[in-house]
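No value in this document is a laboratory result; all are computed from the given coordinates. This one's a predicted model, so the numbers in the text were calculated from it and none came from an experiment. All Cβ positions, even for glycine, are placed from backbone atoms using ideal geometry, and neighbour counts span all protein chains on display.
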Amino acid sequence: MTETADVVIVGAGIMGVSTAYHLARLGVGRVIVLERDTVCSGSTALASGGIRHQYANRLGIELTTHSIVTYERFREEFGVDPHFRQHGYLILIATEDELATARRSVALQRSLGVDVTLLDAAATRALCPYLNTDDLLGATYTPRDGYADPYLCTTAIAARARDLGVAITTAGASTAPTAVVTPRTRSPSRMNPSTSCPCRISTPSSRLRRASAGMYSSGSL
Ligand SMILES: Cc1cc2nc3c(=O)[nH]c(=O)nc-3n(C[C@H](O)[C@H](O)[C@H](O)COP(=O)(O)OP(=O)(O)OC[C@H]3O[C@@H](n4cnc5c(N)ncnc54)[C@H](O)[C@@H]3O)c2cc1C
């Protein structure tokens, strides 16, 4: 049997299911996710779950600034508690070099609207009395940061994507694909489901490229 799709996504980690979900919300057409194992069986499942604003580059800060809103209202949007705990991130500063870097990063983060504080050693100790600050110059602190459960997040987003009509094919499915044809590869690319999906994915219209870019800049995970 031959199936057609407007978008084929390879891999059902956080990137794959989030992309599928956002594209389905944007109404780009039929979206299929091909996963050689199970949903969230790759590196997402091994992540420690940290979510932080404390990057030294604009892109990382802006991505978190948008995506943290998703985690804060995750239950509302996806119907699952992702165990998002905003205990804050504290990055310790031990040397003058680190202090100079921290000052630059804090200035950049603040310019992008992040709630971040540069603490001296005494203030760090006051915040974390159990911490030995004898050899510290201070720390940077972002109270809104924290961690969530990557597995819960990924499976919840996958479920919502399915609700929106996304088909997620995992290993062992009776409908597992054996070949994929894209606008660029008119002859079928044979698939070996036990190893990899060799399909070459293209976004045939500029509309889809714009949709993907919009998703990244508007706060996907
Ligand atoms: C809530 C959260 C917190 C995080 N916190 C941290 C953190 O504190 N520190 C950190 O370093 N990172 C963190 N991460 C990021 C994480 O470590 C990974 O980098 C990220 O989740 C990778 O997602 P991915 O979808 O790109 O890859 P993956 O999760 O690896 O998914 C790729 C999927 O593609 C499938 N696949 C691969 N090739 C094929 C093929 N040829 N055919 C079919 N299927 C294929 C795999 O089986 C896999 O399921 C976090 C992620 C989340 C969601």
Pair residue 15, residue 179: separation of 7 Å Cα→Cβ label points (nm): 2.8
From zero up to wherever the largest Cα-Cα distance of region 1-102 sits, split into 5 Å bins and tell me the percent of pairs in each. 2, 10, 13, 18, 19, 14, 9, 6, 5, 2, 1, 0, 0, 0
Put +1 on the Cβ of each Lys and Arg and -1 on the Cβ of each Asp and Glu in region 50-147; which of 119, 131, 61 then has its Cα farthest toward the positive end of the dipole? 61
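How many percent of the alpha carbon pairs in region 50-147 exceed a separation of 22 Å?
Values: 1613 of 4753 pairs.
So the pairs more than 22 Å apart make up 34 percent of the total in region 50-147.
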Round to the nearest 0.05 the FRET efficiency obtained for residue 2 and residue 171 when R0 = 25 Å and r is the Cβ-Cβ distance. 0.75
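Pairs of alpha-carbon atoms within less than 8 angstrom and 6+ residues apart define the contacts here; what relative contact order does region 50-147 have, in percent?
Values: 149 pairs, mean separation 38.9, N = 98.
The value is 40 percent.
Can you give the net charge of the other residues whose Cβ lies under 13 Å from the Cβ of residue 117, counting K and R as +1 and D and E as -1?
Values: positive: 103, 110, 144; negative: 115, 120, 145.
My count for the surroundings of residue 117 gives 0.
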Taking the mean number of other Cβ atoms within 10 Å as a proxy for protection, how do you rank 147-154, 84-91 from highest to lowest? 147-154, 84-91
